[in-house]
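The values are calculated or read from the model by the stated rules, or taken from the named source; none is laboratory data. Every value quoted in this text rests on a predicted model; they were computed, and no experiment measured them. So basically every Cβ, Gly included, is an ideal-geometry build from the backbone, and we count neighbours across all protein chains shown.
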Amino acid sequence: MELQDKICLVTGAGKGLGRATAEAFLEEGAFVYVCDREPGCLDHWREDSRVGIIYVDVSDGEADRDAIMKIKREKGRLDVLVNNAGIMKDALIGSISRSLMEEIFATNVFGSMELLQLATKLMIRQKKGSIINFSSIVGITGNPGQLVYSATKGAIIAMTKTAAKELAPRGIRVNAIAPGMIDTDMMRSVGEEHLAVHLSHIPMGRLGEPNEIANACVFLASDKSSYITGHVLNVDGSVLA
């Protein structure tokens, strides 16, 4: 088991990529704290002794601190942080409100940055840890109608590369995953017409599966990636720019 006895925190674990990642970590022997803001979405894990449930909105800095303190009290350490929680709301240039910018940045960037800092304080004590930030292929290529969302995912890449350089001497690795078009409820919400357009840009000819992202997370969380940091791993079926 690649993550035997590691203590992990996965945000946005109620569905989609976060849930798939949490399940993969459990299969690999980890104890997993699952985090989400939607009431009740984590309750199916309540009877699992290998899971800790935390309901929190990652855009709330004080709540983030409480979550990390809970982990510190209960387990004394944190080996892996997966910053997956995020929201996507599209708007064309000229129709983007300031409130929309603030909402998406608060969750996608500020929440991830806050948790990275808090997790680092625990990981420094053990001189080891892995932080995995979720970017997106649109943070690299851009996409019409997603100015704000793509900007947040580009920010995640910059944050990852800087944090990796700063934390490498402390034994903490920081990497990012940039998923392409993955078969989740969020992806399906664009509608069949737009979905067909997206598929035409994927040479592999299909959407990715959530478990394919989760497998990449397992690798970056495990000691098999012990000399990899500051890397952005595209999991996208060779999507065309």
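What pairs can you find where one residue is in the range 11-39 and in a loop (DSSP other than H, G, I, E, B), the other is of a type in the set (Phe, Trp, Tyr), and their Cβ atoms are less than 9 Å apart, with a gap of 6+ or different chains? What qualifies is 12/134; 13/33; 13/45; 37/55; 38/55; 39/55. Scanning the range 15-36 for residues that are out of contact with any Lys or Arg (no Cβ under 8 Å at 6 or more places or on another chain), surrounded by fewer than 23 Cβ atoms within 10 Å (Cβ to Cβ) and closer than 16 Å to residue 3 by Cα gives 23, 27, 28.
A quick yes/no check of all residues on (1) among the hydroxyl-bearing types (Ser, Thr, Tyr); (2) free of Cβ contacts under 8 Å to residues at least 60 places away in the same chain; (3) closer than 14 Å to residue 83 by Cβ:
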{"position": "160", "(1), (2), (3)": "yes, no, yes"}
{"position": "166", "(1), (2), (3)": "no, yes, no"}
{"position": "197", "(1), (2), (3)": "no, yes, no"}
{"position": "208", "(1), (2), (3)": "no, yes, no"}
{"position": "213", "(1), (2), (3)": "no, no, yes"}
{"position": "229", "(1), (2), (3)": "yes, no, no"}
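May I ask you to list the residues in the range 109-118 that are touching a strand residue (DSSP E or B) at 6+ places or on another chain (Cβ under 9 Å) and not aliphatic (A, V, I, L, M)? Those that are touching a strand residue (DSSP E or B) at 6+ places or on another chain (Cβ under 9 Å) and not aliphatic (A, V, I, L, M): 111, 112. The numbered conditions (1) outside any helix (DSSP H, G or I); (2) out of contact with any Asp or Glu (no Cβ under 9 Å at 6 or more places or on another chain); (3) over 20 Å from residue 122 (Cβ atoms); (4) not small (Gly, Ala, Ser) are all true for residue 2 except (2). Only one residue in 167, 199 is in a helix (DSSP H, G or I) and either aromatic (Phe, Trp, Tyr) or at pLDDT below 95 (or both), so which one is that? None of the others qualify; the one that does is 199.
When the residues of the range 139-149 are filtered to those that are over 15 Å from the mean Cα position of the chain (by Cα) and in a helix (DSSP H, G or I), the one that is surrounded by the most Cβ atoms within 10 Å (Cβ to Cβ) is 148. Flag set for residue 50, criterion: more than 22 Å from residue 176 (Cα to Cα), surrounded by fewer than 17 Cβ atoms within 10 Å (Cβ to Cβ) and touching a residue at least 12 places away in the same chain (Cβ under 8 Å). Residue 156 meets all of the listed conditions (1) in a helix (DSSP H, G or I); (2) free of Cβ contacts under 8 Å to residues at least 40 places away in the same chain but one, namely (2). Kindly indicate whether any position in the range 216-237 is among the charged types (D, E, K, R) and surrounded by 15 or more Cβ atoms within 10 Å (Cβ to Cβ). Among the residues of the range 216-237, at least one is among the charged types (D, E, K, R) and surrounded by 15 or more Cβ atoms within 10 Å (Cβ to Cβ), which makes the answer yes. What are the residues in the range 208-241 that are modelled with pLDDT under 95 and in contact with a Lys or Arg (Cβ under 9 Å, 6 or more places away or on another chain), if any? Answer for the range 208-241, where residues must be modelled with pLDDT under 95 and in contact with a Lys or Arg (Cβ under 9 Å, 6 or more places away or on another chain): just 237. Residues in the range 50-107 that are in a helix (DSSP H, G or I), of a type outside the set (A, V, I, L, M) and touching a strand residue (DSSP E or B) at 6+ places or on another chain (Cβ under 8 Å): 3 in all. Selection within the range 172-208: residues that are of a type in the set (D, E, K, R) and touching a helix residue (DSSP H, G or I) at 6+ places or on another chain (Cβ under 8 Å). The member of this set that is farthest from residue 113 (Cα to Cα) is 206. Among the residues making up the range 216-232, those that are hydroxyl-bearing (Ser, Thr, Tyr) and not in a helix (DSSP H, G or I) are 222, 226, 227, 229.
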